[in-house]
Each structure stands twice: as C-alpha cells, then as structure tokens.
Amino acid sequence: MSSVAHDASLFVPPAEVEEVELYHPKTFVGKYIWSQDAKIIAVQYAITAMGIGLVALVLSWLMRLQLGFPDRFSFIDPSNYLQFVTMHGMIMVIYLLTALFLGGFGNYLIPLMVGARDMVFPYVNMVSYWVYLFAVLLLTASFFVTGGPTGAGWTLYPPQAISQGTPGASAGIILMLVSLAFFIIGFTMGGLNYVVTVLQARTRGMTLMRLPLTVWGIFMATVLALLAFPALFVSAIMMILDLTLGTSFFMPAVVSMGKQTGHVGGNPLLFQHLFWFFGHPEVYIVALPAFGMVSDLLSVHARKNIFGYRMMVWAIVAIGALSFLVWAHHMYVSGMNPYFGFFFATTTLIIAVPTAIKVYNWVLTLWRGNIHLTVPMLFAIGFIFTFINGGLTGLFLGNATVSVPLSDTMFVVAHFHMVMAIAPILVVFGAIYHWYPKITGRMLNDTLGKFHFWVSFVGSYGIYYPMHYLGMMGVPRRYYAIGGTDFIPASAHFVNEWITIAALIVGAVQLVFLYNLIWSYFNGRPSGSNPWNATTLEWQTPDTPPKHGNFGATLPVVYRWAYDYSVPGAVDDFIPQNVPPREVAGRNSSKT
C-alpha cells in the first residue's frame, strides 16, 4: 500500500505575475547601507532593534536597583525613575518587539518562505528602515534635551503627560510623540510591502493554505498594525497640538498653581480609547508572529506535521478580528458603565477560545513526536509554558470585578511581562537559533545556547512569579519607593530584593547570547544548506546564505504544504515543499 503526503499535488497552475527585475548594487554602500535586498534590510532592523533594546534593558536594571535597594543610589531620583519606566516600556513594546518581529523576521522570511525574489517594492522597503532608524534616533535624543525624556508612563495619558510637573513635559514628550509618528510612517511603508508580497508574489503552487504558519502570523499581525496604528498616530498628533498650539482635544479645563490653563473642553478618556484601540491589537501584533514561528519550530524539531493546520490558520484570523473588540478591558477603573464593562469582559473571554485552540494544537503536535531537544526547541517549549502561565493571570485581569482591585498593582506588571515580554522574547531567541544558520551559514554554539536558555527561563520565573505575590499584597506599580506603608508586609521588601537580583542575572546572561552571535559568525561550525532537515522553501535555496534574488535562475515550484514530516512510507522523515510527488515515489521504489 502506498502512502500519499498531505496536500501533495502534481498539478501546478501557471504563474500569474511576471518576475520583477531586481536592482543589483555594485558598491559596498549600495549593497549594505542603502540596500534594497530584504535580507539585508532585515538584518539592519534586527541590529537597530537589539541596540535600542539594550538601552531598555539597562533602564530596567536601574528601576530594579531602586525598588530592591531604595535610597542606596543617589543618582536615581523620583523623576529619573518615572522616565526610566516610561522609556523602558515604550522601547520594548514598539521599538524592539514590533520592529524585530515585523521588520526583522518579516523582511527576511516572507520572500524566502513564499518563494519570491524579494519584496514587491524594494525601494519603499529600504526607505521604511531609514524612517524607523530616524524614529529611534529621535527617541534617543530625548535623553539629552532639557528636562530629559518624558516620565508620563509608557501609556502617555494626558493631562499628566503634557502638564508642568511631569518629567519631560515639554521637549521630552514632543520627541516621544514625533518619534512614534515617524515609526508609524516607516512601518506603513514596510507593512504594505509585507501584505502585497504575501498576496501577489507567491511562487507557483504556493497557495494560501500551503503557507507556513510563520508567514500567516506575520501577515495577520501586519494587517492588524495597518488598521490599529492610525489610532496611535492621530492621538500623537492631537496631543502635540494640545501642547504646542493650545488646542483641547484631550486637555480639559485645568487649574495649575492657582491659575487656569488655556485648555477647555478636552476629554482625556478619548486618548485612552484611542491608545488602547491601538494598544490591545499591539499585543497580538507581537503575539501572532510568535505563534506562527513557534508552530514551525515545534513541527521541525519534533519531526511531526503541525496538528490542525487549517484550524491554526483560522485561529490566527479569529484572534486578529477579535483583538479590536477587547480594548476597554484596560480601562475598567476609568469609570465606564457596568454594561460596557460586561461586554468587554465577555469579548476578552471569547478571544481566549482561538488562543486556547492554538495551545492545544501545539501540545498535540508534540504528542508522540520524535522530539529533538535542540536549543530552538527548548525555547519553543519554554514559550508554551510561559504563555499558558501569563494567559491564566489574564483571566483575572479580564474579569471586571477581579481586575479593579488588582489594577495599578505589580500583578499587572507581572502578567503583562509574562505575556508580552518573556513569552515573545523566548520565541525571538528560539527563532534566531533556528534561522541563524540560514542567515550566516554557521551554527551557534550549542552549549552556550543551552546555558542561555536555562538561565533566562528559570530566572524569568524568579522575577515574575514573586511579582504576582507583590500585586496581591497591594504593592502599587510605578512607585519610586513604597517606604513603610502599613498595608504592605515586610516580606514585600525582601521579595523586591530577590526580584532585583534575579533581574540583574537574567539581564547579564543576554550578554552571553550576544557573544555567541558574534563569535559564531566568525568561528561557528559550518551549517550546510539545511541543518534541521526542514521542509519550507527558505531551506531549499541554492546558496547559504541566500544571494540577492534568493533562488538562483529559476523560482521553486511548490507541490505540497509545509509540514510533511515523518510521512508513512516515505524514505526520509521530511519532504520539502518543492519536491514533486513522483520524485518521492521514485525515492521509495529505489529503496525497496
């Protein structure tokens, strides 16, 4: 009896779109600086994002030093602390994670995985990176202006954000808002590229239901961003006008220092609605690429097809659609109508259903798989544990009656970091360890990688599990010091010290990861073209690293889905997407 791989087909429709003629630079500057090659642009995004991310890491160390050992560091005053909180949060969420997942992995993987030469609009793609870099430089410049960066909290709520007395309430907040505006402009250029490339530049045979889940996750996250970022863009512009021209979009009539300001009739809640209409989809702008990548990592390193592929695709689409219906669960304490709160608590529970489907399918993918505990697999499994833990605490905060007493406590900080920081960062690391051989042609050091995983994984739980306890004890977030508050037990001070030590250790071990990246680039073991025996098209390129144009003289033709692992009757435990069914049958007959 012969076995047929899932979705395998001999018929491949003819190409509908002619190949685009690529620009081939002849100078170093044209090739590596003003590059139009999506792979080079991806590396530029990644290096810039990790660079500004290291700044945010140092800021988190400074915050933890103050919380764990108050009054020990004279250079950290209350204003500095609020500025560290604000800049750390905004950098990590927007300038690191969003840029890394979409600008970094999106640029590198989309053309390779869909079988395209490059992005559809290479020049626009190049400009998108330089606009992003300009936004990062604007943000960094706020550290050096009079008054320093804004200290309004990463959510930038008015009227506090632009009122005198708040750190950085003039030049600092303006640079932050202008930087966000330029970030969104740059992303829009890149995002349109990602969407059009996925829809129009797929190679012959690459139907939408043969796309790897990594591409589906990045594609849907890009659609969300294109719809959600305009809300943040207009709110940034309106707040700039409130500050500079005296308009009253968000600023109500305010009496400051005994004098009435020139504002009248503005609505601060309007900003909150606009911010969170962007803010909650932003969670999934980061999460959906992570979902897709971890699906591919699990399938490759468990040598098993992804369980319920179509269900996983539709879960990604459902999560994207529902993400626009849950934003106000961030605003339970803003004074909303109870029926309004009930609606958003209900939609919050509903969005957990497609998310839970994905978790079940990941576990069932691992079930009876030939699991290889490689470094990428360790990070993928660590992600599942962390995402489940963070999701469970989200059920508390999604319920209005439970959320109100927990709001603005360290419980929120712990939940947010488990879901929005640790979980996606674990996927980032796993993805880098997985695709680094394709990018450089060399393997990362396995021993250093496992050391990096275990210290990061265990250390992260050493930070955020105790932080949940602090939140349930009522310890507030964003406080410079809690002092001798009566309702906070003495154990809270010890826990803060413990968290600080754990955070310093976890932060320091990331330097081992950076060392591994640099050392392996020059001295790592050669990887070959397909070290993981993976099926997707990026591993089938004629050159490693892939050259400009990706696939040599002819583009690949796709005959099957991306997950033909351990197919019964097949000689090898993987069948690449570009191998036709008759060739698989020929291999089988020659072996028998």
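The values are calculated or read from the model by the stated rules, or taken from the named source; none is laboratory data. Since this is a predicted model, take the numbers as computed values, not measurements. Glycine gets a Cβ as well: all are built from the backbone with ideal geometry, and neighbour counts include every protein chain shown. Note: areas computed on protein heavy atoms with side chains; ligands, DNA, RNA excluded. Shrake-Rupley method; radii C 1.70, N 1.55, O 1.52, S 1.80 Å.
Yes/no matrix, rows are residues, columns are (1) open to solvent by 10 Å² or more (accessible area, probe 1.4 Å); (2) within 18 Å of residue 170 (Cα to Cα); (3) assigned to a loop (DSSP other than H, G, I, E, B):
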residue: 241; (1), (2), (3): yes, yes, no
residue: 275; (1), (2), (3): no, no, no
residue: 284; (1), (2), (3): yes, no, no
residue: 291; (1), (2), (3): no, no, no
residue: 297; (1), (2), (3): no, no, no
residue: 313; (1), (2), (3): no, no, no
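Quick check on my filter: what residues within the stretch 374-403 are open to solvent by 50 Å² or more (accessible area, probe 1.4 Å) and within 26 Å of residue 448 (Cβ to Cβ)?
From the stretch 374-403, those open to solvent by 50 Å² or more (accessible area, probe 1.4 Å) are 385, 388, 392, 395-396, 399, 401-402; that's our starting set.
Correct list: 385 only.
Taking the condition in contact with a Phe, Trp or Tyr (Cβ under 6 Å, 6 or more places away or on another chain) and surrounded by 20 or more Cβ atoms within 10 Å (Cβ to Cβ), does residue 198 pass?
yes
When the stretch 539-566 is examined, which residues are found to be among the β-branched types (Val, Ile, Thr), surrounded by fewer than 21 Cβ atoms within 10 Å (Cβ to Cβ), touching a residue at least 24 places away in the same chain (Cβ under 8 Å) and farther than 17 Å from residue 42 by Cβ?
Restricting attention to the stretch 539-566, the residues satisfying the condition of being among the β-branched types (Val, Ile, Thr) are 541, 544, 554, 557-558.
Still in the list and also surrounded by fewer than 21 Cβ atoms within 10 Å (Cβ to Cβ): 541, 544, 554, 557.
Remaining after also requiring touching a residue at least 24 places away in the same chain (Cβ under 8 Å): 541, 544, 557.
Listed by number, the list holds a single entry, 557.
Results for (1) over 15 Å from residue 90 (Cβ atoms); (2) touching a residue at least 60 places away in the same chain (Cβ under 8 Å); (3) surrounded by fewer than 23 Cβ atoms within 10 Å (Cβ to Cβ), shown as yes or no for each residue.
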site: 132; (1), (2), (3): no, yes, no
site: 141; (1), (2), (3): no, no, yes
site: 147; (1), (2), (3): yes, no, yes
site: 151; (1), (2), (3): no, yes, no
site: 161; (1), (2), (3): no, yes, no
site: 181; (1), (2), (3): no, no, yes
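Determine if the stretch 517-531 includes at least one residue that is open to solvent by less than 30 Å² (accessible area, probe 1.4 Å), in contact with a Gly (Cβ under 9 Å, 6 or more places away or on another chain) and outside any loop (DSSP other than H, G, I, E, B).
No.
Is there a residue in the stretch 344-351 that is out of contact with any strand residue (DSSP E or B) (no Cβ under 9 Å at 6 or more places or on another chain), surrounded by fewer than 17 Cβ atoms within 10 Å (Cβ to Cβ) and hydrophobic (A, V, I, L, M, F, W, C)?
Yes: one or more hits.
Of all the residues that make up the stretch 472-499, how many are of a type in the set (Phe, Trp, Tyr) and free of Cβ contacts under 8 Å to residues at least 12 places away in the same chain?
Start the filter on the stretch 472-499 by keeping residues that are of a type in the set (Phe, Trp, Tyr), which leaves 479-480, 487, 494, 498.
Add one more test, that the residue is free of Cβ contacts under 8 Å to residues at least 12 places away in the same chain, and what stays is 479, 494.
Final tally of qualifying residues: 2.
Test residue 64 against the criterion of being over 28 Å from residue 222 (Cβ atoms), in a helix (DSSP H, G or I) and among the basic types (Lys, Arg), and give yes or no.
Yes: the conditions hold for residue 64.
Anything in the stretch 188-217 that is more than 22 Å from residue 565 (Cβ to Cβ) and of a type in the set (Val, Ile, Thr)? List them, or say none.
Scanning the stretch 188-217 gives 188, 195, 196, 197, 198.
Among the candidates 96, 102, 109, single out the residue that is aliphatic (A, V, I, L, M), part of a helix (DSSP H, G or I) and open to solvent by 10 Å² or more (accessible area, probe 1.4 Å).
96
From the list 536, 447, pick out the single residue that is buried (at least 17 other Cβ atoms within 10 Å of the Cβ), of a type in the set (Val, Ile, Thr) and on the phi < 0 side of the Ramachandran plot.
Only one candidate passes the filter, namely 536.
Can residue 91 be described as open to solvent by less than 10 Å² (accessible area, probe 1.4 Å) and either without any contact (Cβ under 8 Å) to a residue 12 or more places away in the chain or farther than 17 Å from residue 285 by Cα (or both)?
For residue 91, the condition - open to solvent by less than 10 Å² (accessible area, probe 1.4 Å) and either without any contact (Cβ under 8 Å) to a residue 12 or more places away in the chain or farther than 17 Å from residue 285 by Cα (or both) - is not met.
Looking at the stretch 507-557 only, could you name the residues that are farther than 25 Å from residue 298 by Cα and either within 24 Å of the chain's Cα centre (by Cα) or of a type in the set (Lys, Arg) (or both)?
507, 508, 511, 515, 518, 547
Kindly list, by first and then second residue, each pair from a residue in the stretch 201-215 that is assigned to a loop (DSSP other than H, G, I, E, B) to a residue that is among the hydroxyl-bearing types (Ser, Thr, Tyr), limited to pairs with Cβ atoms under 7 Å and residues at least 6 apart or on different chains.
205/559; 212/536
Would you be able to say whether some residue in the stretch 251-258 is touching a Phe, Trp or Tyr at 6+ places or on another chain (Cβ under 9 Å) and open to solvent by 60 Å² or more (accessible area, probe 1.4 Å)? Steps first, answer last, please.
Here is the first cut: in the stretch 251-258, the residues touching a Phe, Trp or Tyr at 6+ places or on another chain (Cβ under 9 Å) are none.
No, every residue in the stretch 251-258 fails to be touching a Phe, Trp or Tyr at 6+ places or on another chain (Cβ under 9 Å) and open to solvent by 60 Å² or more (accessible area, probe 1.4 Å).
What tally of residues in the stretch 450-488 results from selecting those that are farther than 15 Å from residue 410 by Cα, open to solvent by 20 Å² or more (accessible area, probe 1.4 Å) and either in a loop (DSSP other than H, G, I, E, B) or among the hydroxyl-bearing types (Ser, Thr, Tyr) (or both)?
4
Going by the structure shown, is residue 552 touching a Pro at 6+ places or on another chain (Cβ under 7 Å), assigned to a loop (DSSP other than H, G, I, E, B) and at pLDDT below 95? Give the derivation first.
On the way: touching a Pro at 6+ places or on another chain (Cβ under 7 Å): yes; assigned to a loop (DSSP other than H, G, I, E, B): yes; at pLDDT below 95: yes.
So residue 552 passes the test.
For residue 220, state whether it is buried (at least 20 other Cβ atoms within 10 Å of the Cβ) and not in a helix (DSSP H, G or I).
The answer is no for residue 220.
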